[in-house]
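Q: Have a look at this one before I ask anything.
Just so it is clear, none of the values below were taken in a lab; they were calculated from the coordinates. These numbers were taken from a predicted model, which means no experiment stands behind them. Note that each Cβ is placed from the backbone with ideal geometry, even for glycine, and that neighbours are counted across all protein chains shown.
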Amino acid sequence: MQPAVSSEIPHLTPTPSDTPGRPKRLADFATLTEALDYAGGADTGFNFYSARGGLEKVLPFRELAGQAKSTALRLSAAGLTPGERVALLAATDPEFLILFFACQYAGLIPVPMPLPTAFGRREAYIDQIKGQMSSSGARMALGPAEFLPFVREAATGVDLALIGTLADVTALPEGKGDLHPGGPGDLSYIQYSSGSTRFPTGVMVTHASLMANCFAMNKHGVKNSVGDRAVSWLPYFHDMGLVGFMLGGVTSQSSIDYLSTEDFARRPLTWLKLISDNKATLSYAPSFGYELCARRVATMSDLGFDLSSWRAAGIGGEMIKPGVMRAFAEAFKPYGFSDKAFNASYGLAEAVLAVSFSPGGKGMQVDTVDKDALEDHRAEPVAEGQGREFVACGSILPDHTGEIRDEKGGVLGARRVGRLFIAGPSIMQGYFNNPDATAECLKDGWLDTGDLAYWMPIDGQDELVIVGRAKDMMIINGRNVWPQDIEWTVEHIPGLKSGDSAAILLADPSGVERPTILVQCRPSDPVERERLAADVRARVQEQVGIVCDVVLVPARSLPKTTSGKLARGRARSMYIAGDIRAVGVGSES
Amino acid sequence: MTAAPGAEPSPDTLTALFDILKTFNKTGAVLTPGTRFSEDLNFDSLVVMEFVAVVEDRFDISVPLNILPDIATVNHLALAVDRIVAENS
């Protein structure tokens with residue numbers, strides 16, 4: 001390890017894991033402000049670390065509550081009224097948390113927005129945050145000074161009372177007003193993590209549904225108890241980062257040690273160093289987080305970590321890759337990591353976060369099923385190595401119900417693959433200002449998750465196994481990518497028009513899904529075809545930020561629905577079946 | 001060293017970046033100052049951060065996140081590195 005850098009402040013001490021004599025309450029609160037009021041009486045809180053694992057900032061819940069309240073009064077004095085939206089650039093820092101909770105005390109609805117993470121994608125980033133600000137009708141946009149130029153650029157045409165930092169808000173007068181915390185039925189926040197850039201969908205989460213999910217997750221999911229402490233690098237603009245290990249911590253008075261997402265991406269092993277240094281017990285990540293660590297550790301000598309305190313190594317957020325998890329367990333076994341700590345879970349922002357959790361302490365339950373039967377919607381177990389591997393994600397959380405249904409809506413039993421629907425107190429109110437999108441996924445109290453799944457009987461319980469998406473959204477390295485965004489980009493290339501492309505996921509021989517674009521190609525000249533394929537790949541890379549395979553197909557070969565829209569699912573099955581064939585030159589990256 | 005816009009980056013910086021890029025060049029692209037990270041080298045956001053970590057170690061600097069959207073080519077990055085190094089000294 002490198003020596004400590006000078007920016008570290010030696011006298012800072014992280015918050016303790018517990019508050020002696022003060023009972024731990026697991027999200028049995030009516031609202032989020034009630035939860036923070038209670039946490040404010042504890043000694044616990046949030047700690048922020050540098051890329052090398054040095055403690056830089058400490059924000060005890062007590063201080064968070066105090067600062068959030070005084071900031072709330074200033075927001076209200078500035079003319080914001082309960083129910084209005086405030087866009088927040090979600091950097092992993094105390095300022096975001098103070099503003100997020102200030103909104104709660106002022107009855108305002110925060111909308112966490114992402115930070116830029118790619119080279120040269122200025123336009124795409126501006127489009128994304130512009131879409132979120134205008135869709136939510138934000139009245140203010142707040143965040144770190146260094147990112148505000150992007151917000152100003154994106155805010156043209158959006159009527160904002162203020163674009164500024166926490167310091168700008170603190171400089172405003174406090175006024176003589178009161179706090180206006182929302183009630184259980186009021187919205188706590190709006191989350192855009194799952195929407196497309198062009199067609200944003202903001203998930204509306206009430207205090208009541210947030211508390212229901214935090215309760216289920218803390219009590220039945222991670223079984224949070226005295227001594228538990230979390231480490232997280234997941235961004236606040238994603239449901240796993242916002243709820244899983246921020247709001248989940250506040251509502252259970254648990255201390256959390258933070259590494260920023262960009263620092264994790266640069267130095268993934270610092271994640272594990274923080275777990276080791278702080279004797280943390282809980283930490284969650286998508287598969288790719290574990291993959292980055294396993295890859296990086298191969299080049300390191302003895303790290304001196306002790307990971308034996310880590311009792312719940314949560315996996316979620318994308319399809320779980322068992323091979324990656326095994327490689328991680330193998331690589332970190334010498335440091336006291338036990339593969340029994342793996343805890344698979346399933347969830348989505350439309351249900352606040354968590355839907356199901358593995359029982360804990362048992363490691364991954366891997367199910368190997370026959371590939372051909374799977375195409376026929378049956379999950380038939382076969383011997384290890386003889387089929388596709390899936391990981392069971394535990395039973396549906398108490399107070400919630402799940403149904404797996406066939407295409408006609410019939411409820412399916414064990415080992416039959418269908419579409420997963422869930423109901424219960426965590427389900428969102430709908431998408432903000434978007435009745436059409438809401439009506440598409442909320443019906444009769446059931447949320448259509450858009451995921452394909454089956455029930456796997458384990459020890460007398462039906463555990464949920466996710467096999468893929470029925471809806472079109474693709475999850476690539478933890479990022480939600482919508483095929484519509486890819487196609488929109490492709491169809492703006494000169495020579496192509498609307499309906500000329502279909503973005504799909506295709507599994508490679510090892511079962512890893514790769515984004516692939518089928519493009520209708522008119523030129524017959526191989527050089528021109530080659531150029532078209534290269535153009536498509538470059539544009540998607542630049543605009544959407546993903547690496548994809550490009551397959552050129554004959555003109556008019558992509559199927560359409562009766563209303564003339566692209567039949568994406570059918571295009572995919574036709575290509576797999578060989579009914580649509582690639583033309584001469586295509587390029588596989 | 002200068003941080004003026006339109007300036008040429010230091011040849012040493014460019015050489016060092018080309019050297020680092022060798023292990024990240026999965027597309028076999030010809031490396032020039034005009035090489036684009038996303039279009040020519042297929043960098044996704046994970047690779048970007050991995051690459052940035054190596055650059056930071058080599059130059060002993062910290063590359064702020066807010067400059068990434070304006071860095072499209074190796075030349076842009078070299079200029080940014082020169083500027084950060086100059087600010088630190």
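Q: Around residue A:553, which amide H atoms from residues at least 5 apart in sequence, or from another chain, sit under 5 Å from its own amide H, with H modelled in the peptide plane?
A: A:519, A:520, A:521, A:583
Q: Determine the relative contact order of the range A:426-469: mean sequence separation of Cα pairs under 8 Å and six or more apart, normalised by residue count, in whole percent.
A: The normalised contact order for the range A:426-469 reaches 26 percent.
Q: Normalised by the number of residues in the range A:322-469, what is the relative contact order in percent for Cα pairs under 8 Å and 6+ residues apart?
A: Working: 291 pairs, mean separation 29.6, N = 148.
Computed value for the range A:322-469: 20 percent relative contact order.
Q: Here's a follow-up. Can you tell me which lysines have their Cα less than 21 Å from the Cα of residue A:69? Leave out same-chain residues fewer than eight positions away.
A: Leaving aside lysines fewer than 8 places away in the same chain, those within reach of residue A:69 are A:57, A:176.
Q: Hey, another quick one. Using a Cα-Cα cut-off of under 30 Å, which lysines could be cross-linked to residue A:497, ignoring same-chain neighbours fewer than 8 residues away?
A: Of all the lysines, those that pass the test against residue A:497 - Cα under 30 Å, at least 8 places apart if same chain - are A:130, A:471, A:560, A:565.
Q: Rank these for me by crowding, A:367, A:448, going from fewest to most other beta carbons within 10 Å.
A: So the ranking, lowest neighbour count to highest, is A:448, A:367.
Q: Averaged across B:35-44, how many Cβ atoms of other chains sit within 10 Å of each residue's Cβ atom?
A: Mean number of neighbouring Cβ atoms from other chains: 6.
Q: Related question: Taking all pairs of distinct Cα atoms, average 1/r, flip it, and tell me the Kirkwood hydrodynamic radius of the range A:322-469 in Å to one decimal place.
A: The answer is 16.4 Å.
Q: If you stretched the chain out fully between residue A:326 and residue A:411, how much longer would it get, using 0.36 nm times the residue separation minus the C-alpha to C-alpha distance?
A: Roughly 27.2 nm would be gained on extension.
Q: Which ordering of A:378, A:62 is given by a fewest-first count of other beta-carbon atoms within 10 Å?
A: Listed from fewest to most nearby Cβ atoms, that is A:378, A:62.
Q: If you take the Cα Rg of the range A:154-194 and divide it by 2.2 N^0.38 Å, with N the number of residues, what do you get? Could the numbers behind the result be given before it?
A: Details: Rg = 14.6 Å, N = 41, 2.2 N^0.38 = 9.0 Å.
Cα-based Rg divided by the globular estimate yields 1.61.
Q: May I ask you to list the lysines whose Cα is less than 26 Å away from that of residue A:362, ignoring any residue fewer than eight positions away on the same chain?
A: Straight-distance partners of residue A:362: A:24, A:219, A:223, A:273, A:279, A:321, A:333, A:340.
Q: Additional query: Could you give me the percent of Cα pairs per 10 Å distance bin for the range A:109-260, shortest bin first, beginning at zero and ending with the bin that holds the maximum distance?
A: 10, 32, 36, 19, 3
Q: Kirkwood hydrodynamic radius of the range A:482-577 from all distinct Cα pairs, in Å?
A: Final number for the Kirkwood radius of the range A:482-577 is 13.5 Å.
Q: Could you tell me the convex hull volume per residue, in Å³, taken over the Cα atoms of the range A:420-551?
A: Considering the Cα atoms of the range A:420-551, their hull volume per residue is 155 Å³.
Q: If I take all pairs of Cα atoms in the range A:121-186, what percentage of them are more than 15 Å from each other?
A: 61 percent
Q: Would you compute, for the Cα atoms of the range A:1-155, the largest minus smallest coordinate along each principal axis and list the three values in descending order, in whole Å?
A: 50, 46, 26
Q: Still on this structure, please answer the following. Using each residue's phi in the range A:120-126, evaluate 6.51 cos²θ - 1.76 cosθ + 1.60 at θ = phi - 60° and report the 3J(HN,Hα) Karplus result to the nearest Hz, with x for Gly and Pro.
A: x, 10, 3, 4, 5, 5, 4
Q: Could you tell me the relative contact order of the range A:480-520? Use alpha-carbon pairs under 8 Å, at least six residues apart, and round to a whole percent.
A: Reported relative contact order: 31 percent.
Q: Would you please classify the overall shape of the range A:182-242 from the alpha carbon gyration tensor, given that a ≥ b ≥ c denote the square roots of the eigenvalues, rounded means a/c under 1.5, and beyond that prolate means a/b larger than b/c while oblate covers the rest?
A: Working: a/c = 2.84, a/b = 1.44, b/c = 1.97.
Verdict is oblate for the range A:182-242.
Q: Shifting gears a bit: Gap in Å between the Cα centre of the range A:322-389 and the Cα centre of the range A:33-112?
A: 35 Å
Q: Give or take rounding to whole Å, what are the principal axis extents of the alpha carbon atoms in the protein assembly as shown, in descending order?
A: 74, 69, 55
Q: Over the alpha-carbon set of the range A:212-318, divide Rg by the Kirkwood Rh and report the Rg/Rh ratio to two decimals.
A: Details: Rg = 13.4 Å, Rh = 14.0 Å.
Value, to two decimals: 0.96.
Q: Per DSSP H run of n ≥ 4, the term is -39500 (n - 2.57); total these for chain A, divide by its residue number, and report the mean residue ellipticity at 222 nm rounded to 500 deg cm²/dmol.
A: Values: 16 runs with 160 residues, N = 589.
One gets -8000 deg cm²/dmol as the mean residue ellipticity at 222 nm.
Q: Tell me, what ³J(HN,Hα) does each residue in the range A:213-226 have, in order and in whole Hz, if you take phi through Karplus 6.51 cos²θ - 1.76 cosθ + 1.60 with θ = phi - 60° and put x for Gly and Pro?
A: 6, 5, 5, 4, 5, 5, 7, 9, x, 8, 6, 4, 8, 3
Q: How crowded by other chains is B:66-79, given as the mean number of beta carbons from other chains within 10 Å of each beta carbon?
A: That works out to 4 on average.
Q: With a ≥ b ≥ c the root eigenvalues of the C-alpha gyration tensor of the range A:260-398, is it rounded (a/c under 1.5), prolate (a/b larger than b/c) or oblate? Walk me through the numbers on the way to the answer.
A: Working: a/c = 1.99, a/b = 1.56, b/c = 1.28.
Prolate, since a/c reaches 1.5 and a/b exceeds b/c.
Q: Related question: Once phi is turned into θ = phi - 60°, what whole-Hz ³J(HN,Hα) does the Karplus curve with 6.51, -1.76 and 1.60 give for every residue of the range A:420-428, x standing for Gly and Pro?
A: So the J values, rounded to whole Hz, are 8, 10, 10, 9, x, x, 8, 5, 4.
Q: Let me ask something additional. Rounded if a/c is under 1.5, else prolate if a/b is larger than b/c, else oblate: which is the range B:11-88, with a ≥ b ≥ c the root eigenvalues of its Cα gyration tensor?
A: Prolate shape, in that a/c is at least 1.5 and a/b is the bigger ratio.
Q: Counting other beta carbons within 10 Å of each Cβ, put B:10, A:254 in order, fewest first.
A: B:10, A:254
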